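Okay, so here's the structure we're looking at.
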Amino acid sequence: MRDHYTGAIIIPAMRSELLRDLQGRELIADVTTPDELDAHLTSGRRTAYVGFDPTADSLHVGSLLPLLTLRRVQLAGHRPIVLVGGGTGLIGDPSGKAGERALNPKEQVAEWAERLKRQVRPFLDFDRGPNAAILADNYAWLSELDVIGFLRDIGKHFPVGAMLARESVRARMGAGISFTEFSYQVLQAYDFMSLMLLHDCSIQLGGSDQWGNITAGVELIRRVQGRPAFGLTMPLVTKTDGSKFGKTESGTIWLDPTRTSAYEMYQFWLNTPDADVVRFLRYFTFLPPERIAELAAVTRAVPEKREAQRVLARDVTALVHGEPAMRKAEAVSAARFGGDPAVAADLPDELEDVKHLPAEATGWPLWKVIKEAGWVTSTSEARRLIQGGGVEVDGVRATSIEQSIPPGRHTVKLGKRRIHQLNIEAPRA
């Protein structure tokens with residue numbers, strides 16, 4: 001790991017249980033003043049946070065790494081905060097974006113923020129006494145800001161030269177960046193300071209693309225409050241074959257079970273390449289190092305068994321969807337790939353409950369069925385999928401986006417493997 005205040009490569013012997021675990025799992029990309037952070041963590045119970053902006057109605061598997069790192073924070077005896085960006089989600093983070101984000105309506109951002117709050121709850125313990133998790137929304141304080149006071153008291157601590165030098169800004173200078181997105185780093189820094197004042201939060205965690213935003217908060221707290229604050233980033237998850245992590249032929253792997261079923265989640269992890277599986281076991285499971293080493297040895301000796309992939313798929317699917325859904329997904333996977341063909345033929349691909357839609361007097365256009373059922377995120381995505389020949393209804397490929405779906409039970413196939421069960425109610429007489 002690298003200390004960005006000195007630029008030195010640091011491989012310290014950590015005393016903190018949390019940092020030892022993160023270091024052993026190769027989950028530390030960058031850290032501010034590692035020795036000071038180590039001493040800070042070993043001298044008492046600390047509070048750390050991760051922020052998630054509501055840019056969609058669900059988190060995806062790329063969000064799992066920081067979310068599970070917060071869980072490690074709590075298991076090590078410290079207090080985690082999940083900050084949902086109901087305020088910053090109205091602005092948009094320029095990090096990792098080639099162009100300006102589209103600004104979503106305020107009501108939609110608020111709805112997405114509420115969904116994210118419900119979605120993160122199963123991953124942390126909110127009833128754990130002194131280190132019970134906290135759920136916060138930065139709209140609570142950002143919406144109350146006074147512009148003149150904010151510019152006088154906070155803005156003066158942000159040299160424009162330093163702001164322009166941050167990677168998230170520098171990468172966008174050619175394509176252009178608005179003042180709205182340029183100001184994002186100031187708002188995130190203010191979030192960090194607000195959480196310190198509200199909850200004595202002294203550590204911010206995030207992906208390595210958040211380093212500039214995180215250090216901005218560390219510096220603001222030290223200048224304004226004169227208190228120690230720390231930042232730690234995790235590596236961005238990549239695949240060794242060059243393909244994008246969290247994407248499949250049928251789209252993004254979401255944490256919301258209505259958008260990505262337990263079966264589809266299980267299959268995603270089961271299909272992890274041998275070159276990635278050991279690293280992903282370190283990142284996404286809570287298995288001890290000894291067990292991961294055993295699975296690494298099995299992968300090298302008999303890769304065709306795919307034992308490491310099965311363990312990875314079981315553990316992560318159970319974390320996201322729960323143990324019963326994972327068991328069902330595993331059973332269907334076994335039946336379909338190597339089990340009784342007669343049993344497999346009767347099993348739906350995604351193990352979802354039947355999606356029910358109310359009656360419509362004029363019938364349901366296919367694009368609307370796909371959108372209203374929650375199988376795609378937008379009308380345009382539904383239209384593109386149909387026009388590209390990627391939708392079948394009851395075994396027949398759809399050719400028109402306006403194709404009417406009559407009342408009754410139907411099987412809708414999206415892409416190569418995503419099969420959904422649909423029931424459209426009949427109109428009342």
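The values are calculated or read from the model by the stated rules, or taken from the named source; none is laboratory data. Note that the structure is a prediction, hence the values are computed from the model and not measured. All Cβ positions, even for glycine, are placed from backbone atoms using ideal geometry, and neighbour counts span all protein chains on display.
Quick one: in the stretch 166-202, of everything that is under 22 Å from the mean Cα position of the chain (by Cα) and among the aliphatic types (A, V, I, L, M), which residue is surrounded by the most Cβ atoms within 10 Å (Cβ to Cβ)?
L195
Please determine whether any residue of the stretch 384-392 is at pLDDT below 80 and either among the hydrophobic types (A, V, I, L, M, F, W, C) or farther than 27 Å from T55 by Cα (or both).
Within the stretch 384-392, none of the residues are at pLDDT below 80 and either among the hydrophobic types (A, V, I, L, M, F, W, C) or farther than 27 Å from T55 by Cα (or both).
If I ask for residues that are more than 25 Å from R72 (Cα to Cα) and buried (at least 16 other Cβ atoms within 10 Å of the Cβ), which ones from the stretch 225-259 would you list?
Matches in the stretch 225-259: T248, S250, G251, T252, R259.
Name every residue in the stretch 203-224 that is surrounded by fewer than 16 Cβ atoms within 10 Å (Cβ to Cβ) and of a type in the set (S, T, N, Q), in order of residue number.
Residue satisfying the conditions is S208 alone.
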